[in-house]
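One structure is given below, encoded as structure tokens.
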Amino acid sequence: MLEAVWEKIVDRYVQEIRALGNKAEQGELVGDLVRKKVRKCLIEMHASGAEPEDIRAIFGSLEIQARVPCPVSEPRLFQLLTAARAHAEFLLFIEENRKSCARSDGKGEDLGPFH
């Protein structure tokens, strides 16, 4: 049930990235916009209950999905989806590291801000 919701969220953002891919084909720089879309997508997925493993699984399948419908006609879309997947992985890594540090800080002795 939730997986279908998550896939709809990602599908909506993939359509937005596809539109950015069309702009990229015309020579516009869209890298920052793609990263912004990925961040918003992760926030929305997390708000709907997705865990990092769920997000990784869905984003991992994006590259495969990009090859199936039109493998040659949209190489730029494939590149953007690859970049989106990498950025999602980076954001998940940063968030997991932040949570890990917060947990370890909470268990240890408070030695002050510089210890």
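Every number in this text was worked out from the coordinates using simple rules, so none of it is lab data. Just so we're clear, the structure is a prediction, and the values are computed from it rather than from any experiment. Cβ coordinates were reconstructed from backbone atoms using ideal geometry, including for glycine residues, and neighbour counts include every protein chain displayed.
Here are the numbers for this structure:
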item	result
Set of aspartates and glutamates near LYS99 by C-alpha distance (under 14 Å), chain-local residues within fewer than 8 positions excluded	GLU51
Square roots of 5 times each gyration tensor eigenvalue, C-alpha, segment 1-49, largest first, Å	24, 11, 4
Sequence ranges 15-24, 88-97, ranked by mean other-Cβ count within 10 angstrom, highest first	15-24, 88-97
